[in-house]
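Shown next, in structure tokens, is the structure this report addresses.
The values are calculated or read from the model by the stated rules, or taken from the named source; none is laboratory data. If you're wondering where the values come from, they're calculated on a predicted model, not measured in any experiment. Using ideal geometry, Cβ is built from the backbone for each residue, glycine included, and neighbour counts are taken over all protein chains shown.
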Amino acid sequence: MAFLKHNGRTICYRLLGDTTKPLMLMAHPLGMTQGVWDDMLPALLGKFRVLTWDLPGHGASAAWPDEPDKITPEDLAQEAIALAAIADTEKFHFVGTSIGGVIGQQLVSEHSDRLLSATLTNTGAVLGTPDAWNTRSANVLELGLSAMAVDIVPRWFSPSACEQQPALIEGWRVIMGRGDDRSYALLCELLGRVDFREKLGQHRVPLRLIGGSDDVATPPETLKVLAQCSGAPDPVILEHVGHVPSVECPSHFRDLLSSPRI
């Protein structure tokens, strides 16, 4: 684990693997941490050098500062680019889940020259509605993440995953509850503003979309719309998987990432 100072804020990251291998950046979902990738890393490091990091106010990364009072997809994309610079490479593969997939869409739309490929999972060109995200933001600021995690975390995982891992929900409730309320709220507001439907038409980035059949947050139809507006192939939909395939089916997910299509 290491730390980068970027625009006055500290970002926690891990850079692992052989310097001769291509770099892969991996961005985690809202409310989680870079730990979502842990079960995949041993296999991925045979083919890639891997960089993971914690989003603002998540894990061991510092909270978003008082100014500016909003976070944009470009802010998060610039953090990714700054982290890639640590690995001394111009081009990289990118993997992002949920809000991590939003970062990927920003990179595809504005920084496609930096990408060798992009795998976007459990995300969409539009995610929910502004009212819903603004309501969640206000509730987090009023009630706190620990209270909100009680209802949010169960939505992440399929019934199958919860049956196989009985402590899964409680463990992630603890992790989510330790995050910074304001940073999470600002990221909710960001998601309420996101609309990439007209921004992904002109690029040459090899794109792969992955979703889960049991994902209630970004159901398969959301991925299909993203495929249509980005020119990506039809999404791969993983059966009996919810919102976080890296946690629910890490071996299957890492096999997809290691396949020749990347």
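Summed over the range 112-135, residues that are among the small types (Gly, Ala, Ser) and part of a helix (DSSP H, G or I) total 2. The single residue among 85, 138, 147 that is of a type in the set (A, V, I, L, M, F, W, C), at pLDDT 95 or above, closer than 25 Å to residue 8 by Cβ and part of a helix (DSSP H, G or I) turns out to be 85. Criterion applied to 156, 133 was being surrounded by 22 or more Cβ atoms within 10 Å (Cβ to Cβ), in contact (Cβ under 8 Å) with a residue 12 or more places away in the chain, over 17 Å from residue 52 (Cβ atoms) and not aliphatic (A, V, I, L, M), and the one residue passing it is 156. Taking residues in the range 191-203 that are buried (at least 17 other Cβ atoms within 10 Å of the Cβ), and partners anywhere that are assigned to a loop (DSSP other than H, G, I, E, B) and not aliphatic (A, V, I, L, M), the pairs with Cβ atoms closer than 8 Å and at least 6 places apart or on different chains are 191/128; 192/128; 192/129; 200/231; 203/231. Against the criterion of being at positive phi and either among the small types (Gly, Ala, Ser) or out of contact with any Lys or Arg (no Cβ under 7 Å at 6 or more places or on another chain) (or both), residue 134 does not qualify. Give the residues of the range 25-39 that are aliphatic (A, V, I, L, M) and either modelled with pLDDT under 95 or under 21 Å from residue 155 (Cβ atoms) (or both), sorted by residue number. Within the range 25-39, 27, 30, 32, 36 meet the criteria. Cβ-Cβ contacts under 7 Å between residues 6 or more apart (or on different chains), taken from a first residue in the range 106-121 that is more than 17 Å from residue 231 (Cβ to Cβ) to a second residue that is at pLDDT below 95, are listed as 114/90.
For the range 43-68, a residue qualifies if it is modelled with pLDDT under 95 and either under 23 Å from residue 187 (Cβ atoms) or in a helix (DSSP H, G or I) (or both), and the qualifying residues are 43, 66, 67, 68. I'm checking my understanding of the structure. Among residues of the range 69-82 that are of a type in the set (A, V, I, L, M, F, W, C) and part of a helix (DSSP H, G or I), which one is nearest to residue 113 (Cα to Cα)? Ranking the qualifying residues of the range 69-82, first place goes to 81. Of all residues in the range 17-24, one or more are among the charged types (D, E, K, R), farther than 22 Å from residue 176 by Cα, part of a loop (DSSP other than H, G, I, E, B) and touching a residue at least 24 places away in the same chain (Cβ under 8 Å).
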